[in-house]
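Just so you know, all these numbers are worked out from the coordinates, no wet-lab data involved. These numbers were taken from a predicted model, which means no experiment stands behind them. Here Cβ is always computed from backbone atoms with ideal geometry, including for glycine, and neighbour counts include all displayed protein chains.
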Amino acid sequence: MAHQTHAYHMVDPSPWPLTGATAALLLTSGLAMWFHYNSTTLMTLGLLTTLMTMMQWWRDIVRESTFQGHHTMPVQKGLRYGMILFITSEVFFFIGFFWAFYHSSLAPTPELGGSWPPTGIHPLNPFEVPLLNTAVLLASGVTITWAHHSLMAANRNQSIQALTITVTLGLYFTALQAMEYYEAPFTIADGVYGSTFFVATGFHGLHVIIGSTFLIVCLLRLIKFHFTTAHHFGFEAAAWYWHFVDVVWLFLYISIYWWG
Amino acid sequence: MLRNLLALRQISQRTISTASRRQVKNRVPEMQKIFQEDNGIPVHLKGGVIDGLLYRTTMALTVFGTCYAVYELIVAAMPKKVK
């Protein structure tokens, strides 16, 4: 039986890149079908195949790392670079929406009444639910750090408890924000205020949902003994992503909710 | 709604702490044995029969979807006959 004489991971042939790319095709053409021909079949197919690809691809990564031992130090280093670069790209994604917000709000046009918030817009009180949301996310940042330190100290019960509380706080944020969206006196169609508000907070909310899902997967893996005290990169990646989501919210809160 | 949220939080915490007391078994060594078996099966199929079923379902959906997308594209490209 031949053994590799290097520390890198030569992956088995996998169908998921192909199914993932095809899923993207179905999603995009599905969007076009929905917008122009009022049919949601293609888009539904696209969402389904995207979900199935993601679940199987990431399942395989867990198998390759925890069960097959392919994630040596050099491999882990590459994964760390990868996650950092991905989060950086997401930072730039949000910078675009903040740029749009500041472009419109720093110099409000006469059409808006020359003021920000524009005439007729009643913004949400930043010291009500938005402040609670800030407290919830900041607390979740503390609990995830607690979970990490407990994990490194081999304290199973505390790490599970702390990560559970983190997930709960994330779900609580989502529920509160959903309620705010429902109760808001303005909509996405209410001029540039509505557009910048709902697109920026909306994409943030999507990232909270993605981050919460990542954390739930980590919680399940934590319960199933997948992580060791020294090797738990999946957890660290989730924690980095979660802190990123928290920081974006802080910028949103200060810029759009408070200053805006 | 808030009361429901708080109840959910309590239930989830209670469930997790019960699980810890129930001692979830560490199945990692078993899984390591299964996935390190030298049988030449690629990792996406190595878990058993369900892997194959999931793979075939995913592939079938993507192939069908691609054909359907191309079909809709062709239909969209043909001008409708106006009577």
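The table that follows gives values for the structure above.
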| read-out | value |
| --- | --- |
| Separation of alpha-carbon centers, segment A:109-145 and segment A:19-61, rounded to whole Å | 33 |
| Helix A:191-223 vs. chain A, principal-axis angle (Cα, 0 to 90°, nearest 10) | 20 |
| Cα gyration tensor shape for segment A:71-258, rounded if a/c is under 1.5, else prolate or oblate | prolate |
| Shielding by partners, peptide A:114-123 (average Cβ within 10 angstrom, other chains) | 0 |
| Three-way shape call for segment A:1-99 based on the alpha-carbon gyration tensor, with the a/c threshold at 1.5 | oblate |
| Helix-derived mean residue ellipticity, 222 nm - over chain A, DSSP H n ≥ 4, -39500 (n - 2.57), to 500 | -25000 deg cm²/dmol |
| Whole-Hz ³J(HN,Hα) from phi, Karplus 6.51 cos²θ - 1.76 cosθ + 1.60, for segment B:64-80, glycine and proline x | 4, x, 4, 4, 5, 5, 5, 4, 4, 5, 5, 4, 5, 7, 8, x, 6 |
| Rounded tilt (10° steps) of A:129-152 against the dominant C-alpha axis of chain A | 10 |
| Angle in degrees between helix A:41-62 and the longest Cα principal axis of chain A, rounded to the nearest 10 | 40 |
| Where Cα atoms sit under 19 Å apart: lysine pairs in the protein assembly as shown separated by 8 or more or lying on different chains | 4 |
| Charged-residue dipole, Cβ positions (Lys, Arg, Asp, Glu), chain A about Cα centre, Debye nearest 20 | 800 |
| Under the Karplus curve 6.51 cos²θ - 1.76 cosθ + 1.60, θ = phi - 60°, whole-Hz ³J(HN,Hα) for segment A:179-188, x wherever Gly or Pro sits | 5, 4, 4, 5, 8, 4, x, 10, 10, 5 |
| Taking chain A and dividing mean pair separation by its residue count, relative contact order in percent (alpha carbons under 8 Å, at least six apart) | 18 |
| Modelled FRET efficiency - R0 56 Å, A:M152 with B:L53, Cβ distances, 0.05 increments | 0.90 |
| Prolate/oblate/rounded call for the protein assembly as shown, Cα gyration tensor, a/c under 1.5 rounded | oblate |
| Other protein chain Cβ atoms within 10 Å, averaged over every residue that makes up A:141-152 | 0 |
